[in-house]
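Remarks on the structure that follows.
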Amino acid sequence: MTADLIDFGIQGKRALITGGSHGIGLTIAQALARSGCEIAICSRSEKNLADASSQLEAITDNIFTFKMDVLNKDKVDLGIKKLEKHWSGIDILINNVGGGGRWGLEVIEETPNTVWGEVYQKNVGVAVSITNWALPYMRRKKWGRVINIASIYGREGGGRPWFNMAKAAQISMIKTLAQTHYLVRDGITFNSIAPGSILIENTGWEEDMKRDPVAFNALIDEKYPLGRLGTPEEVANVVNFLCSKQASLVNGACIVVDGGQSNSF
């Protein structure tokens, strides 16, 4: 007897994944496309958008890509207008664009103040702008999912302060929205994902591995309970579930996806 496939209840839903042309974002876009969603992704790189589009086209024809520089608020507003012309609404928002964990200098006081502001804008500012745009559409439909891709360093120390500050703000934002009665009673849920160290191409891990493979492997063995880094697919699987009808009671959560790496409860 063949088991029935799981129906996540999101077929035909419109999902925007910011920073969806690479790494975790692209993998989330692929997972949601396989669940039947229409997909929109944005990036500041035309090349990355083209490459991502070709990969997504192997799964779905319902793809919209647009260029957006998230460090420029005017260009964020322009990107939102492009999406609004293409779609009359949105059901799922994945605030994935972010980063900055390797920005700045080891010496805090020698790091320009602009780094603090840019990391905050890249992680939080753009998430605020797009979430505020998306909420009226979700409320009219009486259904929606907003998910922020944060980090374990939004929950505990260990990273660079500008990055931790921004990721903690993302988690705080989501928790507060999740307790806002008029939003959640209109069928919208708000959750955060806090990934640990994920092996993504061109994010620094490959350089560390090539520079000193012995030291790298020793670090992985000592610091990571599973003895390996995570994969984007392992993050995307959790996001896919949070978007599903089966996750209707999961609201205000910050779900850690780190293989036991972090120290916080």
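The values are calculated or read from the model by the stated rules, or taken from the named source; none is laboratory data. All values derive from a computational prediction rather than experimental measurement. Neighbour counts run over all protein chains shown; Cβ positions are idealised from the backbone, glycine included.
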| query | Assuming V107 fulfils every condition listed in (1) among the aliphatic types (A, V, I, L, M); (2) surrounded by 13 or more Cβ atoms within 10 Å (Cβ to Cβ); (3) out of contact with any helix residue (DSSP H, G or I) (no Cβ under 8 Å at 6 or more places or on another chain); (4) within 12 Å of R160 (Cβ to Cβ) apart from one, which condition is it? | reply | (2)
| Test set (1) within 21 Å of the chain's Cα centre (by Cα); (2) in a helix (DSSP H, G or I) - R140 fails condition number | (1)
| query | Being of a type in the set (S, T, N, Q), part of a helix (DSSP H, G or I) and at pLDDT 95 or above, is that true of even one residue in segment 55-78? | reply | yes
| field | Selection count where residues are surrounded by 20 or more Cβ atoms within 10 Å (Cβ to Cβ) and more than 20 Å from Q11 (Cα to Cα), scope segment 50-79 | value | 5
| field | Positions within segment 220-239 being farther than 12 Å from D258 by Cα and either surrounded by 13 or more Cβ atoms within 10 Å (Cβ to Cβ) or in contact with a Cys (Cβ under 8 Å, 6 or more places away or on another chain) (or both), in sequence order | value | I220, E233, A236, N237, V239
| remark: The correct count of residues that are of a type in the set (A, V, I, L, M) and either over 21 Å from N237 (Cα atoms) or surrounded by fewer than 14 Cβ atoms within 10 Å (Cβ to Cβ) (or both) in segment 169-202 is 6
| Does F241 satisfy the criteria of being of a type outside the set (D, E, K, R), more than 18 Å from I17 (Cα to Cα) and out of contact with any Asp or Glu (no Cβ under 8 Å at 6 or more places or on another chain)? | no
| Which residue, of K81, K85, is basic (K, R), over 18 Å from the mean Cα position of the chain (by Cα) and either within 28 Å of T180 (Cα to Cα) or not in a helix (DSSP H, G or I) (or both)? | K81
| query | Which residues, taken from segment 18-49, are surrounded by 15 or more Cβ atoms within 10 Å (Cβ to Cβ), under 18 Å from the mean Cα position of the chain (by Cα) and in a loop (DSSP other than H, G, I, E, B)? | reply | G19, G20, S21, H22, S35, C37, R44
| request: Pick out, from segment 197-265, the helices (runs of 4 or more DSSP H) lying fully within it that include 2 or more residues that are of a type in the set (A, V, I, L, M, F, W, C) and more than 14 Å from the chain's Cα centre (by Cα). | output: 205-211, 213-223
| query | What are the residue pairs meeting all of these: first residue in segment 50-72, first residue without any contact (Cβ under 8 Å) to a residue 40 or more places away in the chain and small (G, A, S), second residue buried (at least 18 other Cβ atoms within 10 Å of the Cβ) and not in a strand (DSSP E or B), Cβ atoms under 6 Å, and 6 or more apart or on different chains? | reply | A52/S21; A52/L26
| request: Please work out if I130 is touching a strand residue (DSSP E or B) at 6+ places or on another chain (Cβ under 9 Å) and in a strand (DSSP E or B). | output: no
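Could we say that A15 is under 18 Å from the mean Cα position of the chain (by Cα) and assigned to a strand (DSSP E or B) here?
Values: under 18 Å from the mean Cα position of the chain (by Cα): yes; assigned to a strand (DSSP E or B): yes.
Yes: the conditions hold for A15.
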